[in-house]
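Okay, so here's the structure we're looking at.
The values are calculated or read from the model by the stated rules, or taken from the named source; none is laboratory data. Given the structure is predicted, the values throughout are model-derived calculations rather than measurements. FYI the Cβ positions are ideal-geometry reconstructions off the backbone, even for glycines, and counts take in every protein chain you see.
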Amino acid sequence: MTTSELALLDTNILVYAADQASPFHEPSRRLRNQGANGDILVAVSPQILLEFFAVITSPKRVQNPRTKEEAIEEVEKYAQSKHIRKIYPGSDILDRVLTLLKKYEATRQEIFDLHLVATMLSNDMRRLYTYNRDHFTKFTEVEVLTP
């Protein structure tokens, strides 16, 4: 699996890569490592890293939660990675969110997935790796990939 087009790694990819108890651990770890090694072009955003921190420190969400210090260390690895790009919401993010809200049905927690799509679009990105395909397939602007 190699590609020259930049793709965003969704939070669940990072969580499963870190969680050896997950049935998705190995393909997620392999994908993350390919990105970290520069074999494929991948990115993360602050939203993804914050969600990752929240999930891996929660005993309700993972079998072996990380301590705050361990989680910070993992987030820092992504932040400092030379090959995993970091994307940020552009100055047009609110306009993009509002445009997507008018186009698509999104309520409650779905706003965070919509915000992620808006962030991708503000960075001219169209590809997203995730195991939550159903959260994103309604967005015709992005291509949803599963490892």
Quiz item: Hey, among the residues in the stretch 21-50 that are touching an Asp or Glu at 6+ places or on another chain (Cβ under 9 Å) and not aliphatic (A, V, I, L, M), which one's nearest to Y78 (Cα to Cα)?
Solution: N33
Exercise. Could you please find all residues in the stretch 105-128 being free of Cβ contacts under 8 Å to residues at least 24 places away in the same chain and touching a Pro at 6+ places or on another chain (Cβ under 8 Å)?
Key: none
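In this structure, does R30 turn out to be at pLDDT 95 or above, among the basic types (K, R) and surrounded by 18 or more Cβ atoms within 10 Å (Cβ to Cβ)?
Values: at pLDDT 95 or above: yes; among the basic types (K, R): yes; surrounded by 18 or more Cβ atoms within 10 Å (Cβ to Cβ): no.
Answer is no for this residue.
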Quiz item: How many residues are outside any helix (DSSP H, G or I), touching a residue at least 24 places away in the same chain (Cβ under 8 Å) and either surrounded by fewer than 15 Cβ atoms within 10 Å (Cβ to Cβ) or not acidic (D, E) (or both) when one looks only at the stretch 129-144?
Solution: 7
Quiz item: In the stretch 37-45, is there at least one residue being free of Cβ contacts under 8 Å to residues at least 40 places away in the same chain, surrounded by 15 or more Cβ atoms within 10 Å (Cβ to Cβ) and β-branched (V, I, T)?
Solution: yes
Quiz item: With respect to P147, is the statement that it is modelled with pLDDT under 95, surrounded by 19 or more Cβ atoms within 10 Å (Cβ to Cβ) and part of a loop (DSSP other than H, G, I, E, B) true?
Solution: yes
Practice problem: Would you mind telling me which numbered condition in (1) closer than 19 Å to V15 by Cβ; (2) surrounded by fewer than 17 Cβ atoms within 10 Å (Cβ to Cβ) T119 fails? | Solution: (2)
